[in-house]
Amino acid sequence: MPHSPRLLLSLAAALALAACSRGTMLPANSSATADQPANFQLVTDIPFPSGATMDNDRSLILSDRDRWTGRVVMTLANSANEVTAFYQAQMPNFGWQPMMSVTAETSVLTYLRGDRAATVQVERRTVYGTMVSVTVAPRQADPGGAMGGSGGGLDAAPSPRAAPASGIRAEPLAPPSSSRR
């Protein structure tokens with residue numbers, strides 16, 4: 001029995017509304033002094049591009065303001081290159097010191113701010129736009145004291161280690177079992 005166009009249109013509209021209900025529109029802020037509306041002040045120490053929508057299912061924010069830990073996942077209509085450039089320009093405005101960046105199909109930017117580290121991952125979405133994941137967590141203490149004791153500086157780099165000369169063996173991987181499908 002063929003489906004009526006009205007039924008198909010209603011189903012498409014319901015699916016579109018369901019997809020939209022899983023996100024929270026984030027207010028754009030591109031400076032650390034920008035005032036955020038009272039309805040979203042959980043996170044105040046990272047920039048949000050204009051048009052960002054937080055993926056509520058994939059985000060986890062523990063604590064609040066500028067002492068939070070967790071991950072904010074958002075989608076944007078902008079290109080991955082535009083979003084990467086936005087974070088490279090704006091994270092320092094929020095007091096984050098750039099440590100490392102890899103710009104590729106999936107770009108990864110790493111920052112430090114006091115006793116916390118942030119990783120910004122930017123990847124193209126399959127159909128349209130970009131997905132951004134910003135993960136913030138306490139920085140691990142260096143057992144040698146290079147990062148911990150005197151103000152958290154990064155003066156001393158750890159000494160490179162040689163690969164172990166013994167105790168390594170290679171074994172072929174077993175073929176996948178045919179019962180897994």
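Comparison of 127, 72 shows that the only residue that is over 16 Å from the mean Cα position of the chain (by Cα) and of a type outside the set (S, T, N, Q) is 127.
In the stretch 104-129, the qualifying residues are those that are assigned to a loop (DSSP other than H, G, I, E, B) and among the acidic types (Asp, Glu), and the one that is nearest to residue 53 (Cα to Cα) is 105. When the residues of the stretch 97-110 are narrowed to those that are under 11 Å from residue 120 (Cβ atoms) and touching a Phe, Trp or Tyr at 6+ places or on another chain (Cβ under 8 Å), which ends up surrounded by the fewest Cβ atoms within 10 Å (Cβ to Cβ)? Looking at residues that are under 11 Å from residue 120 (Cβ atoms) and touching a Phe, Trp or Tyr at 6+ places or on another chain (Cβ under 8 Å), I get 98. Selection of the stretch 68-96 for residues being part of a strand (DSSP E or B), surrounded by 14 or more Cβ atoms within 10 Å (Cβ to Cβ) and not hydrophobic (A, V, I, L, M, F, W, C) yields 70, 71, 75. Filter the stretch 41-67 down to the residues that are without any contact (Cβ under 8 Å) to a residue 12 or more places away in the chain and assigned to a strand (DSSP E or B), then identify the one that is surrounded by the fewest Cβ atoms within 10 Å (Cβ to Cβ). Among those residues, the one meeting the criterion is 62.
Any read-out appearing in this document is the output of simple, stated calculations on the displayed coordinates, not a laboratory observation. Just so you know, these numbers come straight off a predicted model, no measurement behind them. Cβ atoms come from the backbone with ideal geometry, glycine included; neighbour counts cover every protein chain shown.
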